[in-house]
Amino acid sequence: MDDKLARKLRILADAAKYDASCASSGAPKRKAGADGLGSTTGAGICHAYTPDGRCVSLLKILLTNYCLFDCAYCVNRRSSNVARARFSVEEVVTLTIEFYKRNYIEGLFLSSGIIRSPDYTMEMLTRVAKKLRREHGFRGYIHLKSIPEASPWLIEEAGLYADRLSINLELPTEASLNRLAPEKDGAAIEGAMGQIGERIVQAKEERRRFSPAGQSTQVIVGADATTDEAMIRKSALLYGTYGLKRVYYSAFSPIPDASSALPPHAPPLRREHRLYQADWLIRYYEFSPDDVAGAADDGMLALDIDPKLAWALKNRHRFPVDVNRADREMLLRVPGLGARAVDAIIKARRHGRLRLDDVARLTSGLKRARPFLIAEDFRPTTLTDRLDLRMKLAEPAEQLSLF
């Protein structure tokens, strides 16, 4: 690699690090034929995870960090004093192919600042994917960041070659967008999400290819005054309305020469973690946005305990739950029991009544679950009502768990 290209790669890989929506989940498994290149299988300069837990590596870069927009929270904004660079379509294609041949990556995550116009930028992004697929037979994973202000037919073409498309919402309210990113249009962003969502559904019905791994988005946490409750309600709306595969939460990171409209410090990283946990409760644990709101205090999720435990402590009258009798929905609300553990409990109890040791073999979260469940040989008596239960179950500052 020559020095000029290496400098571009250094600048544009660093500029891409703020985009959290880098994952390859949902891509269909495929391998290239004798004349092709790449696959979506295997294990593995961005690490992403598939639904079955495999780690894959993606080349995560921007086409360019030049941008016509001047979003206050973005390090690549028009008025930012950062080093700038721009790849050609051919350079991105060459990097992807060469990195793949060296076994560095298994796919490409490509985003860009807005140059010339949204249509021009979207066309350049699509040309990269098109060249990789058609001219090089590349069968690896491709994630393209869509430009919501681009013409619908350009976004449509991108979906023919990308495994996943994503459009960043950035901020969850129109008021925050108007204040911090006045050149962005919330209605246009959601309109583009709707278009992609419709095409994905149509393609599945017609058994043709269009963004087979779905679409995702990203919201910035802590750049404005949006509460966790409002953030989760917005995410639930996006999941339900547009069929998003994933909403990513990215903690605001202070940038050089920042606007006075932005907070001077980043939010606690644990806040981002709690939002992901609340998001999972809605997607996989049958919680509603109202349930999550009920676990919050003044709209904010607790930092010292996860939102499922917070909900349980605020609804102690619903516990303890009998693991031998309770339905799946209620078992999913027991702190320490994940969805797989719950399904394993339901399967195991068909063959006999479960004792506490049986439950311990099915979950690693028994310490948190004990105060909230009944087994054949165990009843927590006064444990569920202990005033110091929250303190006993709170996570140490250095420890983060899913549930």
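The values are calculated or read from the model by the stated rules, or taken from the named source; none is laboratory data. The model shown is predicted, which means the values in this text are computed figures rather than measured ones. Positions of Cβ are backbone-derived with ideal geometry, glycine not excepted, and every protein chain shown enters the neighbour counts. The protein model used for the area step is the full one, side chains on, heavy atoms only, and it has no ligands, DNA or RNA in it. Shrake-Rupley method; radii C 1.70, N 1.55, O 1.52, S 1.80 Å.
The table that follows gives values for the structure above.
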item	result
Nonlocal amide H pairs with Leu373, under 5 Å, H built at 1.01 Å	Val321
Set of lysines near Lys204 by C-alpha distance (under 18 Å), chain-local residues within fewer than 8 positions excluded	Lys29, Lys245
Entries of Lys145/Lys234; Lys60/Lys347; Lys145/Lys367 with Cα pairs more than 32 Å apart	Lys60/Lys347; Lys145/Lys367
Between region 309-388 and region 181-237, the Cα center-to-center distance that results, in Å	35
Surface share of carbon and sulfur [accessible, 1.4 angstrom probe, percent] for the chain	50
Rg followed by Dmax, in Å, when region 125-210 is reduced to its Cα trace	14.4, 45
Under 13 Å, Cβ to Cβ, from Glu91 - net charge with Lys/Arg +1 and Asp/Glu -1	+3
Solvent exposure of the chain as accessible area per residue, Å², 1.4 Å probe	45
Nearest-10 value in Å² for the accessible area of Tyr239, using the 1.4 Å probe	40
With DNA, RNA and ligands ignored, accessible area of Cys71 (1.4 Å probe; Å², nearest 10)	10
The chain: Cα Rg divided by the 2.2 N^0.38 Å rule of thumb	1.08
Accessible surface of Ser111 - all protein chains present, 1.4 Å probe, nearest 10 Å²	10
Angstrom value of the Kirkwood radius, inverse mean 1/r, which spans all Cα pairs in region 58-137	13.4
Kirkwood Rh in Å, taken over region 257-403 so that all alpha-carbon pairs contribute	16.3
In sequence order, calculated HN-Hα J values of region 292-300 (Karplus, 6.51, -1.76, 1.60; Hz; x Gly/Pro)	5, 4, x, 8, 8, 10, 6, x, 10
Mean residue ellipticity (222 nm) of the chain, computed from DSSP H runs ≥ 4 via -39,500 (n - 2.57), nearest 500	-12000 deg cm²/dmol
DSSP beta bridges in the chain [antiparallel fraction, %, rounded to 5]	25
